Every structure is written in structure tokens, then in C-alpha cells.
Amino acid sequence: MTGYRVAIVGCGGWAAQAHLPALRALPGVEVIACADQDAAASRSFAAAHGIPHWFDSADGLLAAGLADALTVAAPDDVHPSVVLSALAAGVPVFCEKPIANTAEMADELVRAQARAGVAATVGYSFRYSPALQQLRTDLAAGLLGEPWLAELYEYNAQFHPRFGKAMNWKGDPDRAGAGALFEYGSHALDLAQWLIGPIGRVSAQLSRVLPGSRLDDIATVQLDFAGPCSGILVSGWVLAGGVPGVRVRVHGSAGAAEAELGESLPGGERYQRLSLDGGPAEPVPLGEEAGGRSGYARRHLHDFLGLPGGPGGRGTLPTLAQAASVQHVLDTAARATERWLPVPGPGGRPGDRPVVTGATDATERTT
């Protein structure tokens, strides 16, 4: 379909860096309006980017009937209400991740979409990485054999003190269900289930390292898939690495392979098959570049809007049901932090590490 008028809800940095350039790179798509709870931010965003209309609420934008589709780049706590309004108005919606701050609300969004019969997707756009799509192709073709272990990482130094960037709403428990676990770990968990399959059990550690942190700055999660595969996930916004800082390595019964995404890499990403004996890796040409910070969103939106020649294979477009499944894993991981066994001897003593009780009560190690 061509001639799409698309509106953006949320007029912050991600809307400017990813959603807007992605939409404007698509043929036949016009960014017709924007909206933000902060009216001044909405007005300024419209003026700065030549957007014809601006609103101080998503409901006001939808009531104007200007948009054929909506993208949502607002804070996490805003996602459910905007998605529900879009579905009720019959407007297809692309919403950033996570879809909600609780699994219960994510499930309600799935039910609302089923009732409305309106198209919706969630911003797990790394599925559109050529490197990760090649990894999925190799897995489906059996080149790696049966998956045994998945290593999943997404981290960078976005909020490291050296760079002086103040923590925003992402570190506020009233607006986010968890910190780095939800913001970065959600991407990795979506990729884990998209590549390997359902996750049956998790165990997690959520750590605060920044002064005054109210949510986790670093999350590590052990994964147990429904099959024989296990996994490890690391997410964080204070760890050395460039944007987006995604790396996925899968070890299988017949081989191993790794996809890596980072703006410092030639073309923005790379894919390589790994030798079982530790020999040189085999780089695999990808044929196309990811397209920078907005490239994954562009490919995702191209597919979602049904424009001709869309990228991605069958089963790539993330659904609300899949996003709800990710949210169930996230919620479980945020609670699965309670069991520690002390190491006998000089390496550890009973009581030297307090019990960690959850995403909002993560406790630093004491000595």
C-alpha cells in the first residue's frame, strides 16, 4: 500500500533519531502529525522537522483523523494507553518496546487487538538485521545442528558517568518496570525466542552501580529454553560498547555462529560462522547494510506498512502476542533474583551477599 500518512507519538530523541528518518526514507509515506504530552515539545518538534500538524495528546491526534498509521516513541508507561486508543480508532500502530510494564497489561493489549482486528507491531526491529536474519537462516537450515547454548548481549555506555548523560525516565520506577533489563534485555529476549524458541525458566541478577540508581543498571539472566538449549543474557547501559551493542552467539551440535551489531563496524554489523576447534572464523557477506541507527526501524516499518519489496522473511514482523510473551519472561526475570548459595571457605561466607528481592530492590554486594 502506498500514500500512507503516518503520525508520531512521543517527540523525544528516539523519534528524531530513528522513527522520523525511517519514515521519510520510505516511498509514498508522509509524516503528517506529531503528538506529545508536553505541548511545547510537540510544537517544537513539528517546527524543527517540517511536520504540518502537532497535538498535545495521542487522543487529540487520533480524533483529528489525519493518520493512516501511528508510531509510538513515548516512554514505556505511555505505551498501553496509546496502543489501546489507536486500536479503538482503527488505526494501525507501531509501538516501541517493551509494549507494557507488566505482562498482565501486555495480555490485555493482545486481547484488545483481537477484538479490534487492527494491525499492530512492536519495535523489536533488530529482527530486521541482515546479520541476525542470516543467523536465523543458518539455524533453520540445520547448519549449526541442534542449538545447545545461546549467548545474548545488548549493552553500551549510554549512561556511564564519563559521558555526563543524566538518567531520564528509564531509571524511574514510576515510568519503567525495570531498568536495563526491560530497556535492553527485552530486545535480547525477543531475539532469543525468535531464533531458538520459547523460554521455560529464568534466573536473574539485577545490579545497581550508578549513585542513586533506583532500577538496575546491569542485568544478567540465565535462560532455560523449552528444548535442550540454555542461554545467558547480559544487558546494561554503563558497559563499554557502542550503539546498539548487540551480539548473539549460538553454539549448536554441528557448529557455532555469531551476529554482531554496532555502529563502529563496517556496514554497522557482521556475521561469522565459528570454527569448533578455535580456528579462524568464516565471515559471511551480508549483501546489504543495516542502514545506521534508523535502518532497522526503516526495514521494520517498510514491512509493517506493506510497501512493495519489503525486507524480512515470513515470520519476521513482531506481533503483539510475541511481545506479550517477551513481557512474561521479563516479569519473571525481575522476580527470579532470590536464591544465592554461599561459597564455603575464604571465597565466601554465609551472609556476605544480601538476598536480592526484585527489580526495584536490587542490592549491591557488601563486604
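None of the figures in this text is laboratory data; all of them are computed from the coordinates on show. Keep in mind the model is a prediction, meaning the values are calculated, not measured. When we count neighbours, we look across all protein chains shown, and the Cβ atoms used for this are built from the backbone with ideal geometry, even at glycine.
Per-structure values
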| item | result |
| --- | --- |
| Listed residue (307, 202, 133) projecting farthest to the positive dipole end of the chain, Cβ model | 133 |
| Listed residues 77, 216, 174, most fluctuating in the chain (Gaussian network, C-alpha, under 10 Å) | 174 |
| DSSP bridge orientation in the chain - percent antiparallel, rounded to nearest 5 | 60 |
| C-alpha center-to-center spacing [segment 40-91, segment 166-181] in angstrom | 22 |
| With at most 11 neighbouring Cβ atoms within 10 Å, loop trypsin sites (Lys or Arg not before Pro) (DSSP) excluded, longest segment of the chain | 1-313 |
| Degrees between helix 185-195 axis and first principal axis of the chain (Cα, 0 to 90, nearest 10) | 90 |
| Residue 148 long-range amide H proximity, modeled H, under 5 Å | 251, 252, 253 |
| Long-range amide H partners of residue 72 with built H, under 5 Å | 9, 94, 95, 96 |
| Radius 13 Å from Cβ of residue 317, net charge of other residues (Lys, Arg +1; Asp, Glu -1) | +1 |
| Kirkwood hydrodynamic radius of the chain, from inverse mean 1/r over distinct Cα pairs, in Å | 21.3 |
| Segment 4-125: proportion of alpha-carbon pairs further apart than 17 angstrom, % | 51 |
| Helix axis angle, 79-88 relative to the chain longest principal axis, alpha carbon, degrees | 40 |
| For residue 179, distant residues with modelled amide H under 5 Å away | 216 |
| Rounded tilt (10° steps) of 39-49 against the dominant C-alpha axis of the chain | 80 |
| Net dipole in debye of segment 4-125 [+1 Lys, Arg Cβ; -1 Asp, Glu Cβ; about Cα centre; nearest 20] | 360 |
| Ellipticity estimate at 222 nm from DSSP helix runs (n ≥ 4, -39,500 (n - 2.57)) divided over the chain, nearest 500 | -8000 deg cm²/dmol |
